[in-house]
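K.L.:
For reference, the structure I am asking about is given below.
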Amino acid sequence: MWESRADRGMAKIHIVGAGPGSPDYVIPAARKVVQKAAVVIGAERALNLFSEDIKGEKIVLTARNFQEVLDKAIKLAENGLEVTFISTGDPCFSGLLKTFSRLLGEEADINVIPGISSVQVCAAKLKISWDEAAIISLHEGVNEHKKRELAQAGLAGKPLIILPDLKTFPPREIARFLMGEGIAGESLAYICENLTLDDERIIQVPLKAVESLDHKSLCVMVVKPLKRDEV
Ligand SMILES: C[S@@+](CC[C@H](N)C(=O)[O-])C[C@H]1O[C@@H](n2cnc3c(N)ncnc32)[C@H](O)[C@@H]1O
């Protein structure tokens, strides 16, 4: 049986989930790994969630320094130091795991601690069984394949839980696209902003009203689709 170094408790690079933003949603297993790390790396907001736990060096990760920091982390880990990256939400959903797998290969010796995803919090708030929903991340941008996936799931009547890309495919464009594909403008849509944070806000409107909304905050969009000929 293949056994990873992580399973034997020897992994040197860890990725831990930070949850959607509130310290109440950080799991104890993630805090324990951070407490043991010689180096902790993450976006400023993610590092702040662990400020009481960090005992080692702290490195702020940005889109610009990513490769440089990763190279440094690999060297430190090879020299026997515990290095921990913090990923928002769950690292395995549109998170750092994908980036690591792409750069280091799927078999890279990494220990992953899950986190509570923004998708889970959104599903809980709206009481959606997410095993019955279509969960679609557009965070890395949109393409024809993603659009087809979205339209097909919508026409099949599945609740759509979407991470929009505010730059290239924001909620208003998603609404316009779905209505163009035959989803009724009367379908219920929800924009769940800043989940778990003090300024959390959930807006419920008919899909057609999303067309005129302008969003700047972190959000998950949900649509409970009805076909045009059903209304
Ligand atoms: C790079 S993805 C990371 C997703 C993360 N791994 C997860 O499991 O939630 C970032 C996107 O997640 C969503 N997101 C993350 N935190 C959120 C929050 N507190 N409230 C609403 N949406 C959030 C937003 O759509 C944001 O653009």
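K.L.:
What distance in nm lies between label points placed 7 Å from Cα along the C-beta direction at residue 177 and residue 44?
P.N.:
3.1 nm
K.L.:
For 196, 62, what ranking results if the residue with the fewest other Cβ atoms within 10 Å of its Cβ goes first?
P.N.:
Ascending number of Cβ neighbours within 10 Å: 62, 196.
K.L.:
In the P(r) worked out for the stretch 166-205, what percent of Cα pairs fall beyond 11 Å?
P.N.:
The share of Cα pairs beyond 11 Å in the stretch 166-205 comes to 69 percent.
K.L.:
Another question, then. Considering only 23, 164, 83, whose Cα is most displaced toward the positive end of the charge dipole of the chain, charges sitting on Cβ of Lys, Arg (+1) and Asp, Glu (-1)?
P.N.:
164
K.L.:
Residue 58's amide H: which non-local residues (gap 5+, or another chain) put their own amide H closer than 5 Å, with H modeled 1.01 Å from N in plane and none for Pro or chain starts?
P.N.:
Amide H neighbours of residue 58: 40.
K.L.:
Tell me the label-point distance for the pair residue 167, residue 188, using the 7 Å Cα-to-Cβ offset, in nm and rounded to one decimal.
P.N.:
Here the answer is 3.4 nm between the modelled labels.
K.L.:
Cross-link partners among aspartates and glutamates for residue 227, C-alpha distance below 15 Å, same-chain residues fewer than 8 apart left out?
P.N.:
Within the straight-line limit of under 15 Å, residue 227 reaches these aspartates and glutamates: 181, 186.
K.L.:
Would you kindly state how much longer the chain becomes between residue 198 and residue 103 on full extension, computed as 0.36 nm times their sequence separation minus their alpha carbon distance, in nm to one decimal?
P.N.:
The span from residue 198 to residue 103 would gain 30.7 nm if fully extended.
K.L.:
Take the alpha carbon atoms of the stretch 38-64, find their center, do the same for the stretch 93-138, and report the distance between the two centers in whole angstrom.
P.N.:
20 Å
K.L.:
Going by how many other Cβ atoms sit within 10 Å of their own, how do 205, 33 line up, fewest first?
P.N.:
Going from sparsest to densest Cβ surroundings: 205, 33.
K.L.:
In whole angstrom, note down how far apart the Cα centers of the stretch 65-79 and the stretch 139-153 are.
P.N.:
33 Å
K.L.:
Turning to a different aspect of this structure: For the chain, compute the orientation-averaged projected area of the C-alpha convex hull (one quarter of its surface), in nm².
P.N.:
Averaged projected hull area, Cα only: 13.8 nm².
K.L.:
Over the Cα atoms of the stretch 13-116, what radius of gyration and what Dmax do you get, in Å?
P.N.:
12.2, 34
K.L.:
Modelling each spin label as a point 7 Å along the Cα-to-Cβ direction, I'd like the residue 71/residue 205 distance in nm, to one decimal.
P.N.:
Distance between label points: 4.6 nm.
K.L.:
Most fluctuating residue of 193, 211, 57 in a GNM of the chain with Cα springs under 10 Å: which is it?
P.N.:
57
K.L.:
Report Rg/Rh for the stretch 108-231, rounded to two decimals, where Rg is the Cα radius of gyration and Rh the Kirkwood radius.
P.N.:
0.98
K.L.:
Now for a different question. List the GluC sites (Glu not before Pro) in the stretch 105-178 that DSSP assigns to loop (not H, G, I, E or B) and whose Cβ has at most 11 other Cβ atoms within 10 Å. Which are they?
P.N.:
Sparse-neighbourhood loop GluC sites (Glu not before Pro): 106, 107.
K.L.:
Also: Using a Gaussian network model of the chain with C-alpha springs under 10 Å, which one of 80, 21, 105 is most mobile by mean-square fluctuation?
P.N.:
Of the options given, 105 has the highest mean-square fluctuation.
K.L.:
Pairs to check: 12/147; 36/125; 127/208. Give those whose C-alpha atoms are more than 31 Å from each other in this structure.
P.N.:
12/147; 36/125
Readers should treat all values here as calculations from the given coordinates under stated rules, not as data from a laboratory. All values reported here derive from a predicted model rather than from experimental measurement. Every residue, glycine as well, gets a Cβ built from its backbone with ideal geometry; the counts of neighbours run over all protein chains shown.
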